[in-house]
Amino acid sequence: MATNEELFARAQRVIPGGVNSPVRAFRAVGGTPRFIQRAQGAYIWDAEGQRYIDYIGSWGPMILGHGHPAVLEAVQKAALDGFSFGAPTQREIELAEAIIALVPSVEQVRLVSSGTEAGMSALRLARGATGRSKIVKFEGCYHGHADALLVKAGSGLATFGHPTSAGVPADVVKHTLVLEYNNLAQIEATFAEQGREIACVMLEPIAGNMNFVRASVPFMSRLRELCTQHGALLVFDEVMTGFRVALGGAQAVYAQLIPGFRPDMTVMGKVIGGGMPLAAFGGTKDVMSQLAPLGPVYQAGTLSGNPVATACGLATLKEIGKPGFFDALSARTQSLVAGLEGAAREAGVPLVGDSQGGMFGFFFADGLPQNYGVVMATDKERFNRFFHAMLQRGVYLAPALYEAGFVSAAHSAEDIAATVQAAREALQA
Ligand code: HOZ
């Protein structure tokens with residue numbers, strides 16, 4: 001049996017950094033990444049046979065836990081019928097219909113294979129539909145690794161201290177305006193000066209790539225007004241939050257707080273694929289009809305609407321749409337955050353957390369950060385120590401403080417209690 005260390009050494013010989021996505025390399029926290037061998041329910045097992053309670057859940061998709069029987073059955077059945085056709089199928093219509101039924105702002109949707117692809121395509125469509133070039137994004141929001149969006153981004157870029165990637169020509173990002181999250185004065189000033197040139201404002205409504213930071217209600221409400229007034233599109237990146245913080249995503253949460261609230265476009269991923277490579281972008285019929293073959297904005301993909309991935313996504317959406325699913329998931333996630341806060345209080349450690357649906361975050365700080373700068377100022381060393389102490393106790397948290405955490409329906413009250421007990425020990429140590 002190879003150890004994690006042996007596998008990591010071997011991986012580094014053939015894969016840059018030993019990983020296929022940078023955050024997995026544990027660079028932020030140090031140490032050896034765990035090489036995962038299998039997963040079931042709320043647990044994953046590494047190459048050494050060590051079991052962990054999994055709070056990453058493949059960075060969000062595994063909302064039902066790993067190996068849910070209904071999803072497994074749907075995937076197995078679909079795989080027997082063929083892996084990929086590069087042609088339309090009935091199942092992709094069913095998935096599109098399911099998405100549209102759950103997200104009222106989405107009248108039409110196109111399926112793609114990854115969140116990056118969805119974000120990049122949404123951006124092109126917003127520019128094509130408005131005939132404008134400038135886009136607004138916010139510091140610490142991560143919208144995948146398309147060039148124009150890789151400026152002052154969160155997630156892995158924050159982890160490695162290169163918030164803007166090398167290899168992105170200045171010319172390509174000269175139309176990308178980067179503002180501070182939750183800063184009303186900045187967005188007002190930007191629209192006052194350049195409103196007529198702005199194609200879209202793209203944001204994570206609850207940012208999950210600078211840990212967990214909510215857009216404030218006044219900020220969101222004013223963003224909506226400004227976009228409408230200036231003819232810019234409001235694009236919600238719900239790759240993380242979609243079908244995860246509520247059945248209708250973060251936009252359903254904001255619609256409860258801001259009457260009539262809707263974004264113009266939505267970028268989706270993770271949960272809609274249930275763990276398979278599947279993502280989507282959608283919006284009003286007006287905007288979506290600008291896409292080829294109807295309109296002049298080109299976008300395509302060999303594996304788009306893949307029959308096995310759509311089966312996985314559909315089965316997942318069916319399960320999370322059952323009555324009471326989100327109430328139970330929210331309650332469980334809240335109990336985790338309350339437990340972590342309680343354990344920290346007992347240890348006299350400043351820790352504050354927040355959650356929505358099955359997504360959560362916590363900071364070693366006295367109050368919840370409102371933007372990336374404040375997240376960066378929270379206690380990173382303490383997070384890293386905590387991360388390793390939890391890992392040693394069989395709890396698998398995201399290996400960087402810039403990432404949100406995820407609870408699944410498979411996490412039991414006992415799993416939460418065991419996690420809180422581990423936190424108690426980790427914080428006292
Ligand atoms: N960008 C993801 C975290 N926000 C990491 C994806 C992965 O490593 O799988």
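Points worth noting:
- Being within 16 Å of the ligand (Cβ to nearest atom), crowded, with 19+ Cβ neighbours inside 10 Å, part of a strand (DSSP E or B) and not polar (S, T, N, Q) is a description that does not apply to V271.
- When each of V213, V201 is tested for being over 19 Å from M265 (Cα atoms), of a type in the set (V, I, T) and either within 19 Å of the chain's Cα centre (by Cα) or within 16 Å of the ligand (Cβ to nearest atom) (or both), the lone residue that passes is V213.
- A single entry from T310, T333 fulfils the requirement of being closer than 25 Å to S155 by Cα and under 21 Å from the mean Cα position of the chain (by Cα): T333.
- Tallying residues that are under 18 Å from A207 (Cα atoms) and modelled with pLDDT under 95 within the stretch 376-399 yields 3.
- Members of the stretch 206-227 that are closer than 30 Å to L397 by Cβ and not in a loop (DSSP other than H, G, I, E, B): I206, A207, V213, R214, V217, F219, M220
Quick grid of which residues meet (1) of a type in the set (D, E); (2) surrounded by 21 or more Cβ atoms within 10 Å (Cβ to Cβ):
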residue	(1), (2)
L368	no, no
A377	no, no
H388	no, no
F406	no, yes
H411	no, yes
E425	yes, no
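- Residue check for K285: under 27 Å from V151 (Cβ atoms) and not hydrophobic (A, V, I, L, M, F, W, C): no
- For the stretch 1-16, filtered to residues that are within 16 Å of the ligand (Cβ to nearest atom) and surrounded by 15 or more Cβ atoms within 10 Å (Cβ to Cβ), the residue that is nearest to V395 (Cα to Cα) is F8.
- The stretch 17-35 - residue that is part of a loop (DSSP other than H, G, I, E, B) and free of Cβ contacts under 8 Å to residues at least 40 places away in the same chain and, of those, farthest from the ligand (Cβ to nearest atom): T32
- Considering residues of the stretch 61-102 that are farther than 30 Å from P22 by Cβ, touching a residue at least 24 places away in the same chain (Cβ under 8 Å) and among the β-branched types (V, I, T) only, the residue surrounded by the fewest Cβ atoms within 10 Å (Cβ to Cβ): I100
- Yes/no for F236 being within 18 Å of L64 (Cα to Cα) and away from the ligand (no atom under 16 Å from the Cβ): no
- Looking across the stretch 150-164 at every residue that is among the polar types (S, T, N, Q) and within 13 Å of the ligand (Cβ to nearest atom), the one that is modelled with the highest pLDDT is identified as S155.
- Listing of helices (runs of 4 or more DSSP H) fully contained in the stretch 357-429 that carry 3 or more residues being in contact (Cβ under 8 Å) with a residue 40 or more places away in the chain and over 25 Å from S58 (Cβ atoms): 413-428
- Failed item, numbered, when K270 is tested on (1) under 13 Å from the mean Cα position of the chain (by Cα); (2) on the phi < 0 side of the Ramachandran plot; (3) among the charged types (D, E, K, R): (2)
- A residue that is surrounded by fewer than 17 Cβ atoms within 10 Å (Cβ to Cβ), at pLDDT 95 or above, part of a loop (DSSP other than H, G, I, E, B) and not aliphatic (A, V, I, L, M) can be found somewhere in the stretch 228-247.
- Count of the stretch 120-140 residues which are within 16 Å of T284 (Cα to Cα) and touching a helix residue (DSSP H, G or I) at 6+ places or on another chain (Cβ under 7 Å): 3
- In the stretch 44-60, residue farthest from the ligand (Cβ to nearest atom) [restricted to those that are surrounded by 22 or more Cβ atoms within 10 Å (Cβ to Cβ) and of a type in the set (V, I, T)]: I53
- Taken together, A185, A189, A207, A146 contain a single residue that is hydrophobic (A, V, I, L, M, F, W, C), surrounded by fewer than 22 Cβ atoms within 10 Å (Cβ to Cβ) and within 14 Å of the ligand (Cβ to nearest atom), which is A146.
The values are calculated or read from the model by the stated rules, or taken from the named source; none is laboratory data. Just so you know, these numbers come straight off a predicted model, no measurement behind them. Ideal geometry is used to build each Cβ from the backbone, glycine not excepted, and the neighbour counts take in all protein chains shown.
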